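J.: Next up is a structure, given as structure tokens.
The values are calculated or read from the model by the stated rules, or taken from the named source; none is laboratory data. This structure is a prediction, so every number in the text was calculated from the model and none was measured. No Cβ is skipped: glycine too gets one built from the backbone with ideal geometry, and neighbour counts run over all protein chains shown. Note: accessible area is taken over every heavy atom of the protein model, side chains too, but ligands, DNA and RNA are not part of it. Shrake-Rupley method; radii C 1.70, N 1.55, O 1.52, S 1.80 Å.
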Amino acid sequence: MNYGFLKRLISFLAVIGIILTFYYFMDLKEEEKNSYPSETGQKVLLKVERSGGECSYGGCYSEIFIYQDGTYLYKEKTQQELKGSFSKEEIKKLEELISAEDFKKIKSKKFTGQCPVEYDGSELIYTFYQSNGESERIASCEFEVDKNSPLFKHVSELLNKIYLQLSSRI
């Protein structure tokens, strides 16, 4: 038996496997850019993940999707969902603030404190989807989020409306 041939064949197959794996994950990244269409087919403007802390079902985790058409979807680990909508003005403002934001500046300020998930608090992870197809991920335990910036102030107002509606259901 020619072991040299088998070694080359195994090496060749390993390289092919690595290449295919790379392209598979690159393709997933492309889909991830905006892979949460609304029921009306609208694309996501903002996804907010909240994780950490203790909920009755274990570790807390929720996601909020805000779409271009103004609708939103709140999803929780318990399969609880809430749907609603914002005004056209609120969405237009969100789109404008996302377009105008300097995400490099935000990412230049690293978070240096103790992440709230270490003491039963929550981390917020914001993913902003831009009109050019790019997305920016800002995690509150990775970067110092300026809650007084126009973008994060507006996002906070939108999230508070959702949380208010959620609390009225309880």
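J.: Which is in contact with a Pro (Cβ under 8 Å, 6 or more places away or on another chain) and either at pLDDT below 90 or part of a strand (DSSP E or B) (or both), of G59, G52, G133, G121?
T.: Selected residue: G52, the only one of G59, G52, G133, G121 that is in contact with a Pro (Cβ under 8 Å, 6 or more places away or on another chain) and either at pLDDT below 90 or part of a strand (DSSP E or B) (or both).
J.: Another question, then. Any residue in the stretch 48-65 that is without any contact (Cβ under 8 Å) to a residue 40 or more places away in the chain and open to solvent by 30 Å² or more (accessible area, probe 1.4 Å) sitting within a Cβ distance under 7 Å of a residue that is assigned to a strand (DSSP E or B) and among the polar types (S, T, N, Q)? List the pairs, counting only those 6 or more apart or interchain.
T.: Close Cβ pairs (under 7 Å, with a partner that is assigned to a strand (DSSP E or B) and among the polar types (S, T, N, Q)) amount to Y61/S51.
J.: Out of all the residues in the stretch 79-102, which are loosely packed, with under 13 Cβ neighbours inside 10 Å and in a loop (DSSP other than H, G, I, E, B)?
T.: Q79, Q80, S87, D102
J.: Quick test for you: out of I106, I125, pick the one residue that is over 12 Å from the mean Cα position of the chain (by Cα) and surrounded by 15 or more Cβ atoms within 10 Å (Cβ to Cβ).
T.: The unique qualifying residue is I106.
J.: In this structure, is S38 at pLDDT 70 or above and on the phi < 0 side of the Ramachandran plot?
T.: In short, no.
J.: Are there any pairs, at least 6 apart or on different chains, whose C-beta atoms fall under 8 Å, with the first in the stretch 85-108 and over 16 Å from I162 (Cα atoms) and among the basic types (K, R) and the second open to solvent by less than 40 Å² (accessible area, probe 1.4 Å) and in a helix (DSSP H, G or I), and if so, which?
T.: K93/H154
J.: Can I ask one more? Sort out which residues of the stretch 136-170 are in contact with a Pro (Cβ under 9 Å, 6 or more places away or on another chain) and of a type in the set (S, T, N, Q), and write them in order of number.
T.: The answer is S140, and nothing else.
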